[in-house]
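> First the structure, which I've put down as structure tokens, then a few questions once you've had a look.
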Amino acid sequence: MTVFSKAQIKKLPKAELHLHIEGTLEPELMLKLAKRNDRPLRFKNLQEIQAAYQFHNLQSFLDIYYEGANVLIHEEDFFDLTWAYLLRCKEDHVVHTEIFFDPQTHTDRGVTFSVVIHGIRRALEKGKSELGISSHLIMCFLRHLSEAQAMNTLEEALPFKDWILGVGLDSSEVGHPPSKFARVFETAKQYGFFIVAHAGEEGPPEYIWQALDLLSVKRIDHGVRCLEDLRLVDRLREEQIPLTVCPLSNIKLKVFQNMSQHNLKHLLNAGLLAMINSDDPAYFGGYLGENYYQCAHALQLSWQELKTLASNSFIASRMQEHEKNSYLAMISQIVL
Ligand code: ADE
Ligand code: ZN
């Protein structure tokens with residue numbers, strides 16, 4: 001069995017389609033922004049932050065993730081956060097990224113939608129011109145909040161519609177099914193937004209059905225629990241609905257006990273359009289390259305399977321067709 005090096009994995013151009021920008025807040029930047037903005041933080045140093053990153057499920061992570069986001073106040077903070085992520089993209093040969101942001105995490109604290117999106121957007125423009133990385137923005141509704149709050153957020157987004165590709169659904173999954181937001185997503189669809197939703201991360205296959213049938217999603221974020229329902233697998237395969245799988249996230253949040261038990265290879269073998277993403281890399285121990293590397297080793301992926309995963313990331317992206325095709329051609333020609 002070939003053991004692939006990080007340098008070999010780096011040869012593959014990649015797109016990242018499931019990345020929460022708030023989840024790229026590294027402990028160093030968290031401490032720096034807490035000081036710069038004079039925000040109280042219960043962690044005194046890096047060791048205390050790292051020691052707190054022991055999660056037993058999605059909710060135990062979300063509690064700390066929302067706490068960390070409290071240090072983000074000014075446009076410059078959102079710029080610094082996004083720019084740091086783009087520099088990591090460059091290191092991992094990520095050439096295109098479709099980034100989630102959670103407006104309600106900030107607007108509920110009095111930070112305006114405008115501040116958040118201007119900071120992120122400025123970094124994305126610099127990323128395009130200086131690093132050659134293309135990008136889109138997808139705003140997510142927090143599913144633990146109400147339908148009315150999501151609808152308000154959708155309205156707040158409208159002045160910035162040209163900067164936002166789509167809408168998604170994230171936060172605490174179990175107990176907050178997609179059906180809760182059917183009317184919000186119907187309105188978003190009428191405005192022309194691209195539609196995605198987290199489903200089947202901790203929640204049951206029924207939530208994936210609902211995301212498809214009630215929200216009309218074009219991609220499922222996570223979706224790993226689909227294998228529990230063979231009729232659902234048939235539907236996802238027939239329609240080639242992309243699954244934005246996040247392996248290191250799934251291990252840290254105990255969706256699978258370890259990487260060798262992750263079902264990524266089964267998803268590929270079932271003919272599903274799955275690819276690798278990093279979700280919240282500052283919290284889960286690695287960016288996109290590290291996710292590829294750990295999957296390659298633990299699941300003994302072949303070079304062809306790694307190429308399929310990288311190709312799927314472009315096929316499932318919202319890049320222009322001619323750009324997609326040029327990356328697909330590039331990947332097909334890469335030899336070890
Ligand atoms: N928000 C940030 N990361 C998330 C995840 N993995 N699942 C749901 N909501 C999230
Ligand atoms: Zn996510």
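The values are calculated or read from the model by the stated rules, or taken from the named source; none is laboratory data. Keep in mind that what you see is a predicted model, and the values were worked out from it rather than measured. A quick note on method: Cβ atoms are made from the backbone with ideal geometry, for glycine too, and the neighbour counts reach across all protein chains shown. Accessible surface areas use protein heavy atoms only, side chains included; no ligands, DNA or RNA. Shrake-Rupley method; radii C 1.70, N 1.55, O 1.52, S 1.80 Å.
> Given the condition under 20 Å from the mean Cα position of the chain (by Cα) and either within 15 Å of ligand 1 (Cβ to nearest atom) or modelled with pLDDT under 95 (or both), answer yes or no: does some residue in the range 34-53 qualify? Before you say what the answer is, go through the steps one by one.
The first filter runs over the range 34-53 and keeps only residues under 20 Å from the mean Cα position of the chain (by Cα), leaving 53.
Cutting the leftovers down to either within 15 Å of ligand 1 (Cβ to nearest atom) or modelled with pLDDT under 95 (or both) gives us 53.
Checking the range 34-53: at least one residue is under 20 Å from the mean Cα position of the chain (by Cα) and either within 15 Å of ligand 1 (Cβ to nearest atom) or modelled with pLDDT under 95 (or both).
> Please find, among 14, 90, 44, 35, the residue that is open to solvent by 10 Å² or more (accessible area, probe 1.4 Å) and either touching a strand residue (DSSP E or B) at 6+ places or on another chain (Cβ under 9 Å) or within 29 Å of residue 220 (Cα to Cα) (or both). Break it down stepwise before answering.
Working: 14 fails: open to solvent by 10 Å² or more (accessible area, probe 1.4 Å); 44 fails: either touching a strand residue (DSSP E or B) at 6+ places or on another chain (Cβ under 9 Å) or within 29 Å of residue 220 (Cα to Cα) (or both); 35 fails: either touching a strand residue (DSSP E or B) at 6+ places or on another chain (Cβ under 9 Å) or within 29 Å of residue 220 (Cα to Cα) (or both).
After applying the criteria, what remains is 90.
> Inspect all residues belonging to the range 64-74 and state whether any of them is open to solvent by 70 Å² or more (accessible area, probe 1.4 Å) and either at pLDDT 95 or above or closer than 24 Å to residue 149 by Cβ (or both).
We begin by selecting, within the range 64-74, every residue open to solvent by 70 Å² or more (accessible area, probe 1.4 Å); these are 74.
Right, trim to either at pLDDT 95 or above or closer than 24 Å to residue 149 by Cβ (or both) and you get 74.
Yes, the conditions are met somewhere in the range 64-74.
> Give the residues of the range 316-336 that are in contact with a helix residue (DSSP H, G or I) (Cβ under 9 Å, 6 or more places away or on another chain), surrounded by 18 or more Cβ atoms within 10 Å (Cβ to Cβ) and among the hydrophobic types (A, V, I, L, M, F, W, C), sorted by residue number.
Those that are in contact with a helix residue (DSSP H, G or I) (Cβ under 9 Å, 6 or more places away or on another chain), surrounded by 18 or more Cβ atoms within 10 Å (Cβ to Cβ) and among the hydrophobic types (A, V, I, L, M, F, W, C): 319, 331.
> How about the range 266-283: which of its residues are more than 17 Å from residue 91 (Cβ to Cβ) and buried (at least 16 other Cβ atoms within 10 Å of the Cβ)?
First, the residues of the range 266-283 that are more than 17 Å from residue 91 (Cβ to Cβ): 266-275, 279-280, 283.
Correct list: 267, 268, 270, 272, 273, 274, 275, 279, 280, 283.
> Of the residues that sit in the range 288-310 and are among the small types (Gly, Ala, Ser) and open to solvent by 20 Å² or more (accessible area, probe 1.4 Å), which one is nearest to the chain's Cα centre (by Cα)?
We begin by selecting, within the range 288-310, every residue among the small types (Gly, Ala, Ser); these are 289, 296, 298, 302, 310.
Keeping just the survivors that are open to solvent by 20 Å² or more (accessible area, probe 1.4 Å) gives 298, 302.
Numbers: 298: 22, 302: 25 Å.
If we take residues in the range 288-310 being among the small types (Gly, Ala, Ser) and open to solvent by 20 Å² or more (accessible area, probe 1.4 Å), then 298 is nearest to the chain's Cα centre (by Cα).
> Residues in the range 238-262 that are assigned to a loop (DSSP other than H, G, I, E, B) and within 16 Å of ligand 1 (Cβ to nearest atom): how many? Break it down stepwise before answering.
Within the range 238-262, the subset assigned to a loop (DSSP other than H, G, I, E, B) is 239-242, 246, 253-258, 262.
Add one more test, that the residue is within 16 Å of ligand 1 (Cβ to nearest atom), and what stays is 246, 253-256, 262.
Final tally of qualifying residues: 6.
One line per residue, one yes/no per condition, for (1) in contact with a Cys (Cβ under 9 Å, 6 or more places away or on another chain); (2) among the aromatic types (Phe, Trp, Tyr); (3) without any contact (Cβ under 8 Å) to a residue 12 or more places away in the chain:
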{"residue": "209", "(1), (2), (3)": "no, yes, no"}
{"residue": "215", "(1), (2), (3)": "no, no, no"}
{"residue": "231", "(1), (2), (3)": "no, no, yes"}
{"residue": "237", "(1), (2), (3)": "no, no, no"}
{"residue": "246", "(1), (2), (3)": "no, no, no"}
{"residue": "250", "(1), (2), (3)": "no, no, no"}
{"residue": "254", "(1), (2), (3)": "no, no, no"}
{"residue": "266", "(1), (2), (3)": "no, no, no"}
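This table checks each residue for (1) outside any helix (DSSP H, G or I); (2) among the charged types (D, E, K, R).
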site: 47; (1), (2): no, no
site: 56; (1), (2): yes, no
site: 60; (1), (2): no, no
site: 67; (1), (2): no, yes
site: 81; (1), (2): no, no
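> Only one of (1) among the hydrophobic types (A, V, I, L, M, F, W, C); (2) in contact (Cβ under 8 Å) with a residue 40 or more places away in the chain; (3) farther than 21 Å from residue 112 by Cβ is not met by residue 182, so which one is it?
(2)
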